[in-house]
Amino acid sequence: MPFRLKAPFRDALRDAAPRPLAGMWVCSGSATVAEICAGAGLDWLLIDMEHGPNGLGSVLAQLQAVAAHPVVPLVRVPANDPVTIKQVLDLGAQNLLVPMVSSVAEARAAVEAVRYPPRGRRGVGSALARSARWNRVDDYLTEADRYTSLFVQVETVAGVEAAAGIAAVDGIDGVFVGPSDLAASMGLIGRQTHPDVTAAVLRAFDAVREAGLPVGVNAFDPAVAQAYMDAGATFVLVGADVAMLARGSEALAARFTAAATAAPDADRASY
């Protein structure tokens, strides 16, 4: 029986309402957490293999967990490596983010890893893989590019300088700017809202948008996120599962452990 795949993130960005698409990191490696986040009403999720404790098995479980929800999952692979990209695509990931792309040559290498020959070098294994639903997707091998979108992450000084050329590479569907690593490459580690870093982010925005591609960015602070949206970002990561859990549990501890410690003194004072 033929199987229809969902539209890729490229199409969601093209067809979006007149507002940027809001997403969040899923870094925990938990399919349950991914499923919870998928049902929250956000537009997209980023399943992270670069800094999260994710391997092929946990990525597969998360893709399966979010599949029933009207949210678009992207997978950030750990590196611009054709073997890993092939495996993640075969798991059924339709949308990839490749980190640390700082040149046109690296962007072209990512495109080649995503595409089947003769346009690329992706290995053929669709009959064995979830990507084609074990050959239940008609004409998957010839139509794979239609089902797959590729985004690259610009997060170095060299990447910002090359942003226009990267965005012009055929097969790149959008560029995501990473202020944290960009700040580090500028000698400003941990200072991703420094004016010089913000200016570099905006230069990348201008270059990518001039090439006609959507541009995204990471910004956990609501005010920073809104500023980048106002500056033309069309997809923005506005939070992360692990960060929200960390801050939420800290808030509980601050409220209730502090109250428990203070209570005996308050009781004594009342007598």
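Quick note: the coordinates plus some simple rules give every number you see, no bench work behind them. Predicted, not measured: the structure shown is a model, and the values here were computed from it. Note that each Cβ is placed from the backbone with ideal geometry, even for glycine, and that neighbours are counted across all protein chains shown.
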Checklist outcome for this item: In deg cm²/dmol, rounded to the nearest 500, the helical mean residue ellipticity at 222 nm of the chain, built from -39500 (n - 2.57) for every DSSP H run of length 4 or more, is -13500 deg cm²/dmol
Checklist entry - Cα convex hull of region 175-236: mean projected area in nm², to one decimal? => result 3.6 nm²
Next on the checklist: Could you compute the net charge surrounding residue 78? Neighbours are other residues with a C-beta less than 15 Å from the C-beta of residue 78; K and R count +1, D and E count -1.
Outcome noted: -4
Checklist entry - Roughly how many nanometres apart are two label points built 7 Å out from the Cα toward the Cβ at residue 79 and residue 121? => result 1.5 nm
Checklist entry - When Lys and Arg each count +1 and Asp and Glu each count -1, what net charge do the other residues less than 11 Å away from residue 54, Cβ to Cβ, add up to? => result -1
Checklist outcome for this item: Full extension between residue 22 and residue 40 adds, at 0.36 nm per residue less the Cα distance, a length in nm of 5.3 nm
Next on the checklist: Less than 14 Å Cβ to Cβ from residue 163, Lys/Arg counted +1 and Asp/Glu -1: what total charge do the surrounding residues give?
Outcome noted: -3
Checklist entry - Please identify the trypsin sites (Lys or Arg not before Pro) of region 1-103 that satisfy two criteria: DSSP loop assignment and at most 11 other Cβ atoms within 10 Å. Which are they? => result 4
Checklist entry - Once you put a point 7 Å from the Cα of residue 168 and another 7 Å from the Cα of residue 32, both along the Cβ direction, what distance in nm separates them? => result 5.1 nm
Checklist outcome for this item: By the C-alpha gyration tensor axes a ≥ b ≥ c (rounded if a/c is under 1.5, else prolate when a/b exceeds b/c, else oblate), the shape of region 9-269 is oblate
Next on the checklist: What whole-number distance in Å separates the alpha-carbon centres of region 235-249 and region 1-76?
Outcome noted: 15 Å
Item to check | Phi to ³J(HN,Hα) by Karplus 6.51 cos²θ - 1.76 cosθ + 1.60 over region 19-32, Hz, x for Gly, Pro | outcome: 7, x, 8, 9, x, 9, 6, 10, 10, 6, x, 9, 5, 5
Checklist outcome for this item: Note, region 152-164: 3J(HN,Hα) by Karplus (6.51, -1.76, 1.60, θ = phi - 60°), whole Hz, Gly/Pro = x, goes 10, 9, 9, 8, 9, 4, 4, x, 4, 5, 9, 4, 4
Checklist entry - Once both labels are modelled 7 Å past Cα along the beta-carbon direction, what's the residue 250-residue 3 spacing in nm? => result 4.2 nm
Checklist entry - How much length is gained if the chain between residue 258 and residue 134 is pulled fully straight, taking 0.36 nm per residue apart and subtracting their Cα-Cα distance, in nm to one decimal? => result 39.1 nm
